[in-house]
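What follows is calculated from the coordinates using simple rules that are stated; it is not laboratory data. Since this is a predicted model, take the numbers as computed values, not measurements. Neighbour counts are summed over all protein chains in view; Cβ atoms, including those assigned to glycine, are modelled from backbone coordinates with ideal geometry.
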Number of protein chains: 2
Amino acid sequence: MQKIAILGIGQTRIGEHWDESLRDIAGKAAFAALQDAGVEKVDALYVGNMLSPLINGQNQLGTFLADWIGLWHQEAVKVEAACGSGGAAFRAALMAVASGEVESALVVGIEKMSDKTSHDITASLATAADADYEADQGVSFVGLNALVMQRYMHEFGWKHSDFAPFSINAHANAMHNPFARLHEKITAEKFEGSAMVATPINLLDASPTGDGAAAAVIVPAEKVASLKGKPRILVAASASNTDTIAIHSRKDPLFLSAAYKSAKRCYEIAGVGPKDLDVFEVHDAFTIMAALSLEACGFAERGKGVQLGLDNEITPRGRIPICTRGGLKARGHPVGATGMYQIVEVTQQLRGECGETQVDGARIGMAQNIGGSGASIITHILKVD
Amino acid sequence: MQKIAILGIGQTRIGEHWDESLRDIAGKAAFAALQDAGVEKVDALYVGNMLSPLINGQNQLGTFLADWIGLWHQEAVKVEAACGSGGAAFRAALMAVASGEVESALVVGIEKMSDKTSHDITASLATAADADYEADQGVSFVGLNALVMQRYMHEFGWKHSDFAPFSINAHANAMHNPFARLHEKITAEKFEGSAMVATPINLLDASPTGDGAAAAVIVPAEKVASLKGKPRILVAASASNTDTIAIHSRKDPLFLSAAYKSAKRCYEIAGVGPKDLDVFEVHDAFTIMAALSLEACGFAERGKGVQLGLDNEITPRGRIPICTRGGLKARGHPVGATGMYQIVEVTQQLRGECGETQVDGARIGMAQNIGGSGASIITHILKVD
């Protein structure tokens, strides 16, 4: 694929934005990215979103947003892969630019979830699972992840408290991210004492949903030889892979094989390995997912992902810093937007804009966005040119 | 963009398939296309669908379908642009192949609408309109089109009966399409006597929804030098354009400017004009949309699209044959699948497989898929190599 550069990024703070509409939030991130890129117009708009038909009564979000931000008579489309929608939209935009059909693209991940009750949100999130064989049997999305975590603890002998470092690191990092939903440092005691959601997942294993949008402008790399002082950030690799949608259909429900395959493909394309990565924005929708992602992407052996947390290797000063801006756990998880938050955050790391949680000398970073319980996995490696 | 060929096509009959699931229907069309293409596997799957989150409780339809048809560990994603989802998925797949990221792709348009009440379907279809400024004010999707038709009749002096030829042609052609939902010839009298839905749109102005799927396999043209006797069908042009999502925001609600722009771009890329087209599969969700599409794409002057029907120019023997397999009106309109039915049908015409409604010597055909009330428009020109 042709070399593509990230020309600009933008994001909104994640929260319960009762006074802002779907339009307002998506538009803010879009304008921030266009302004950061120093352009007023792009050829095409790709929107990542999962729930707007169910929560906001709005479909064709591509055209909807193009209309709102004044990109009239440009191409626009929505891409959906459950919670992997943001990453999937980014990949679709990359391929559009690489095909030569469009010369520049704006990608916006957006979700506005506060407008419905928790009951509705739980039902809506269950559409990421298999409707016939999972959701219709009454298992919620957190329930599915709880089954996986339970099995993992049983199989590999970990205690629930061993997962605490994932949550503690995410919350500590989010303290320094003005766009994060949660600004609240937590301790191991607080983690263990937190309310149970679905055994063994408690409130501090689980990421909060929310309203938010994140965006990026991409162009062929050759068009941005110099970027007024800022380092040029390139997309070094992009790959997407899928697994069975129902967890029970997998030979091994404790191995994210689509994460393994999409990361492996990215490593091949970029000519790097896990050891070369300076930062890794993982899809820590639940602490168990952080552990499984680290294992699938080659940072730990099977069943050992939890050890990386216990060894302090996942903090900004560790061997493989994750959730450097708070991750899904504390930055927040507006589902269809999350993949674009990850792209924006890796870009911030490579630009050296992360202050207290800046990874020293970060030059290569990976973002991995997951839809469903490991069913749709989209991985990107970014690098400083 | 790189030259791309359509290697295989498949479709299911449109109807109320109470005994078949979303999986079953999409899988049938997918397998038919793979079989027609003579391949067992492709690199990636692109699914066009609008309503599965609302009607079937299922999201991430790309991965869902890849899992069902055994395309394990391939890339898969859903693309959505309301009723333009099928065409938008086809265009996304073209760009993916043209980018070099995937070498072959399966595109499936699927919608399964029978599982909910008419009330739910009407509410679901309204998500194609502007939720804040149209749907929330109580105007349904057919209501919006009725306003446009009313205005058109007032502005240009047409009677309701002048629209009859669109419906009569579609129904006549569908008689010879085994995949069509309606096999029922109609007359001008029947058209005028049909039950009113939303003045001036009556039942025979409006397309029936339904359950159905249509699919195609695409590959770089250079990979299919010979196709065992069948003509090689190439994608000569692809373009997408958008308009404001709300009709009231347009300077002229009677001109489909996004259709004009996407068709114009296709003509430029393919190096052809309206006169060169042998067949045109229009998005006749309502008779008024057929008239407006013909005008926007250069087959008639503004306000004169209806005349083409009255002059018998839209039949398979006319100047610009439309709805040659029944169109949305009689083949049926399973919304997210429609764009792929159009691609399949134009391919059938170029292959000379349309029997009684075959357009003699058809070598160039256009398919135009519309999302919303002219908001998302995706146009493709196919040709015999």
| remark: Picked from the stretch A:214-248 (must be within 11 Å of chain B (Cβ to nearest Cβ) and part of a strand (DSSP E or B)), the residue farthest from A:His380 (Cα to Cα) is A:Thr242
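Do we have A:Arg363 as in contact with a Leu (Cβ under 8 Å, 6 or more places away or on another chain), more than 14 Å from every other protein chain (Cβ to nearest Cβ), surrounded by fewer than 20 Cβ atoms within 10 Å (Cβ to Cβ) and farther than 24 Å from A:Ile245 by Cβ here?
Judged against the criteria, A:Arg363 is a match.
Give me the residue from the stretch A:249-277 that is in contact with an Asp or Glu (Cβ under 8 Å, 6 or more places away or on another chain) and part of a helix (DSSP H, G or I) and, out of that set, farthest from B:Gly57 (Cα to Cα).
The selected residue is A:Ser257.
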| message | If a residue counts only when it is under 19 Å from the mean Cα position of the chain (by Cα), which helices (runs of 4 or more DSSP H) contained entirely in the stretch A:1-116 have at least 2 such residues? | response | A:22-37, A:85-99
| request: Please go through the stretch B:274-299 and pick out each residue that is closer than 20 Å to B:Ile370 by Cα and surrounded by fewer than 21 Cβ atoms within 10 Å (Cβ to Cβ). | output: B:Pro274, B:Gly298
| request: Look at the stretch A:118-154 and say how many of its residues are among the polar types (S, T, N, Q) and under 22 Å from A:Leu204 (Cβ atoms). | output: 5
| message | Being over 13 Å from B:Asp205 (Cβ atoms) and away from chain A (no Cβ under 14 Å) is the requirement here; does B:Gly157 meet it? | response | yes
| task | Working carefully through the options A:Leu254, A:Leu204, find the one that is surrounded by 18 or more Cβ atoms within 10 Å (Cβ to Cβ) and more than 30 Å from B:Val42 (Cα to Cα). | result | A:Leu204
| said: Given the condition under 24 Å from B:Cys323 (Cα atoms), out of contact with any Ser or Thr (no Cβ under 6 Å at 6 or more places or on another chain), in contact (Cβ under 8 Å) with a residue 40 or more places away in the chain and away from chain A (no Cβ under 14 Å), answer yes or no: does some residue in the stretch B:256-265 qualify? | reply: no
| message | Need a quick list: helices (runs of 4 or more DSSP H) entirely within the stretch B:117-185 having at least 3 residues that are free of Cβ contacts under 8 Å to residues at least 24 places away in the same chain. | response | B:118-125
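Condition check ((1) out of contact with any strand residue (DSSP E or B) (no Cβ under 9 Å at 6 or more places or on another chain); (2) among the hydroxyl-bearing types (Ser, Thr, Tyr)) across all residues:
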| site | (1), (2) |
| --- | --- |
| A:Ser249 | yes, yes |
| A:Gly271 | no, no |
| A:Glu281 | no, no |
| A:Leu294 | no, no |
| A:Glu301 | yes, no |
| A:Pro316 | no, no |
| A:Gly327 | no, no |
| A:Ile343 | no, no |
| A:Thr347 | no, yes |
| said: I'd like to know if the stretch B:320-340 contains one or more residues that are among the aliphatic types (A, V, I, L, M) and not in a helix (DSSP H, G or I). | reply: yes
| message | Yes or no: the stretch A:55-62 includes at least one residue that is in contact with an Asp or Glu (Cβ under 9 Å, 6 or more places away or on another chain) and among the small types (Gly, Ala, Ser). | response | yes
| request: Identify the single condition in (1) over 15 Å from A:Thr379 (Cα atoms); (2) over 17 Å from the mean Cα position of the chain (by Cα) that A:Gly332 does not satisfy, given that it satisfies every other one. | output: (2)
